[in-house]
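Everything below concerns the one structure shown next.
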2 protein chains.
Amino acid sequence: MQFTEKKIESTLRREGYKLTPQRRAVLNAIADSHDHLTPADIYDKVRQEHPGIGLVTVYRTLDILDKLGLICEVHSGGNCRSYLMRRPQEHHHHLICSECGAVADFTECDFSELEHRLSRDTGFEIEGHLLEFSGRCHNCRKATPS
Amino acid sequence: MQFTEKKIESTLRREGYKLTPQRRAVLNAIADSHDHLTPADIYDKVRQEHPGIGLVTVYRTLDILDKLGLICEVHSGGNCRSYLMRRPQEHHHHLICSECGAVADFTECDFSELEHRLSRDTGFEIEGHLLEFSGRCHNCRKATPS
DNA sequence: TGTGTAATTGAAAACGTTTTTCATTTACAC
DNA sequence: GTGTAAATGAAAAACGTTTTCAATTACACA
Ligand SMILES: [Mn+2]
Ligand SMILES: [Mn+2]
Ligand SMILES: [Zn+2]
Ligand SMILES: [Zn+2]
């Protein structure tokens, strides 16, 4: 923990970000929890020790920490829905371009083995799954080869 | 297409829902597109033929169609983030309880083969993936065995 | 083919989350 | 210490979504 925290602080500094008490507080809130915390969760936790912090600062700090790869953003259930016609036996998954948002479909996914194992290990009764790959699509690769 | 549409209309009726022009319009908007449409997308499309429809009605219709299993909701990128500390080499995935939201972690995922194939077929350069199982957790199963 | 009624609709307002704006404060290089 | 650019927080705007409620409408039934 302390190790990780030190490393994170030095990363911030190295990237030219100032190390403010607010950032430290957000960092600690996340580090102290083994759960996923929403921005609001983090705001609430941080305010206990640090009343007066602005929610805006929490958002800004999260953006930075995420951009630096120090925390990771989890795509949790909520307001990010889109819909499509359910066509029978058309279970499929997506490849999404991180640059332009282009979507390609694919259908391959065989999780029967993994589902058995997980079910046994966790007691969950598995009902469905979500599989998504992200990457750069053909067009974006041509446009800006990295 | 016509077939699917007819089936859907009869399903609505069978479940006691009235078949209004607005519902038909939302249905057609989704059926006509092979893309995922957000509620706002659908609203825009529907309004072309059916100005005066309320966005509220779109939302309500989507809820119903989803509940009946006629369309499916896709978890697309957007505003549903939560954060956790990125611990090195801790790439992992989630099992999420659809009833209480409990989360269990697991680490197994080997997509190297699939990634190769997808990359070849689609031209995407794959950078990452998201895998999530949903189901009912141990506690929820004990509480309400289905 | 009317008629009654419960379901459905849309305007408006409320809501929760995230972003923008801007004046004030602060970290830190010198 | 001092100067300066970066960071903060209050407030308001901007989202996407839900609630409320009076007016409208689909459809079962006479
Ligand atoms: Mn698709
Ligand atoms: Mn986890
Ligand atoms: Zn692209
Ligand atoms: Zn549960």
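The values are calculated or read from the model by the stated rules, or taken from the named source; none is laboratory data. Predicted model, so just to flag it, every value in this text is computed and none were measured. Glycine also receives a Cβ, built like all others from the backbone with ideal geometry; neighbour counts cover every protein chain displayed. Just so you know, the surface numbers come from the protein's heavy atoms only, side chains and all, with ligands and any DNA or RNA stripped out. Shrake-Rupley method; radii C 1.70, N 1.55, O 1.52, S 1.80 Å.
If you split all Cα-Cα distances of segment B:91-146 into 5 Å bins from zero, what percentages do you get per bin, shortest first?
4, 17, 20, 15, 13, 12, 9, 6, 4, 1
Would you mind listing the distances between the B:L19 label point and the same position in each other copy? Use 7 Å along Cα-to-C-beta, nm, one decimal, shortest first.
Those separations, rounded to one decimal, come out as 6.8 nm.
Can you give the accessible area of A:C109 in Å² (nearest 10), computed on protein heavy atoms with a 1.4 Å probe?
Ignoring ligands and nucleic acids, A:C109 comes out at about 40 Å².
A plus B alone minus the pair: what accessible area, both sides summed, probe 1.4 Å, in Å² to 100?
6700 Å²
Summarise the partner chain shielding of B:30-41 as one whole number: the mean count of Cβ atoms from other chains within 10 Å of each residue's Cβ. Spell out each step's value before the answer.
On the way: counts 4, 3, 1, 3, 4, 3, 6, 5, 4, 4, 1, 2.
Going residue by residue through B:30-41 and averaging, the value is 3.
For every other residue with a beta carbon closer than 10 angstrom to the beta carbon of A:F133, add +1 if it is Lys or Arg and -1 if Asp or Glu, then tell me the sum. Can you show the working numbers first?
Working: positive: none; negative: A:E132, B:E115, B:E127.
In short, -3.
Quick check: at a probe of 1.4 Å, how many percent of the accessible area of segment B:19-119 sits on carbon and sulfur atoms? Walk me through the intermediate numbers first.
Working: 2530 of 5410 Å².
C and S atoms contribute 47 percent here.
For the charge dipole of segment A:1-88, defined by +1 on Lys and Arg C-beta atoms and -1 on Asp and Glu C-beta atoms about the Cα centroid, which residue among A:A31, A:S82, A:V56 has the Cα displaced farthest towards the positive pole?
After comparing all options, I get A:S82.
From Cα coordinates alone, what are the radius of gyration and Dmax values for segment A:24-111 in angstrom?
When restricted to the Cα atoms of segment A:24-111, Rg and Dmax are 18.0, 53 Å.
Give me the distance in nm between label points sitting 7 Å out from Cα along the Cα-to-Cβ direction at B:K142 and A:K6, one decimal.
4.2 nm
Looking at the protein assembly as shown, how many pairs of lysines come closer than 24 Å at the Cα, when each pair is eight or more places apart or spans two chains?
18
Using a 10 Å cut-off on Cβ to Cβ distances, tally the other chain neighbours for every residue of A:132-141 and report the average as a whole number.
On the way: counts 9, 13, 7, 11, 5, 4, 4, 1, 3, 3.
Partner-chain Cβ atoms within 10 Å, mean over residues of A:132-141: 6.
Keeping all protein chains in position, work out how much accessible area B:D121 exposes to a 1.4 Å probe, and write it in Å² to the nearest 10.
B:D121 has an accessible surface of roughly 100 Å² with all protein chains in place.
Measuring from a point 7 Å out along Cα→Cβ, what nm distances, shortest first, does B:R117 have to its partners in the other copies?
Label-point distances to the other copies, shortest first: 1.8 nm.
Find every distance from the label point of A:G101 to the corresponding label point in the other copies (7 Å from Cα along Cα→Cβ) and write them in nm, one decimal, shortest first.
Listed shortest first, these distances are 2.7 nm.
Counting Lys and Arg as +1 and Asp and Glu as -1, what is the net charge of the other residues whose Cβ lies under 14 Å from the Cβ of B:P145?
On the way: positive: B:R136, B:R141, B:K142; negative: A:E125, B:E99.
Local net charge: +1.
Along each principal axis of its Cα atoms, how long is the protein assembly as shown end to end? Whole angstroms, biggest number first, please.
62, 54, 46
Measure nothing but the geometry: give the 0 to 90° angle between the long axis through the Cα atoms of A:21-32 and the longest principal axis through the Cα atoms of chain A, rounded to 10°.
Compared with the principal axis, the helix lies near 50 degrees.
Sum up the charges of everything whose Cβ sits under 12 Å from the Cβ of A:S82, counting Lys and Arg as +1 and Asp and Glu as -1, but leave A:S82 out.
Here the charged neighbours net out to -3.
Segment B:45-61 to segment A:14-68: how many Å between their Cα centroids?
40 Å
For chain A, report the accessible area per residue in Å² (1.4 Å probe, heavy atoms, rounded to an integer). Walk me through the numbers on the way to the answer.
Values: 8500 Å² over 146 residues.
On a per-residue basis, chain A sits at 58 Å².
If I take R0 = 22 Å and measure r between the Cβ atoms of A:E113 and B:S112 in this structure, what FRET efficiency does the formula 1/(1 + (r/R0)^6) give, to the nearest 0.05?
0.85
Using protein chains only and a probe of 1.4 angstrom, how many square angstrom of B:Y17 are accessible, to the nearest 10?
The accessible area comes out at roughly 70 Å².
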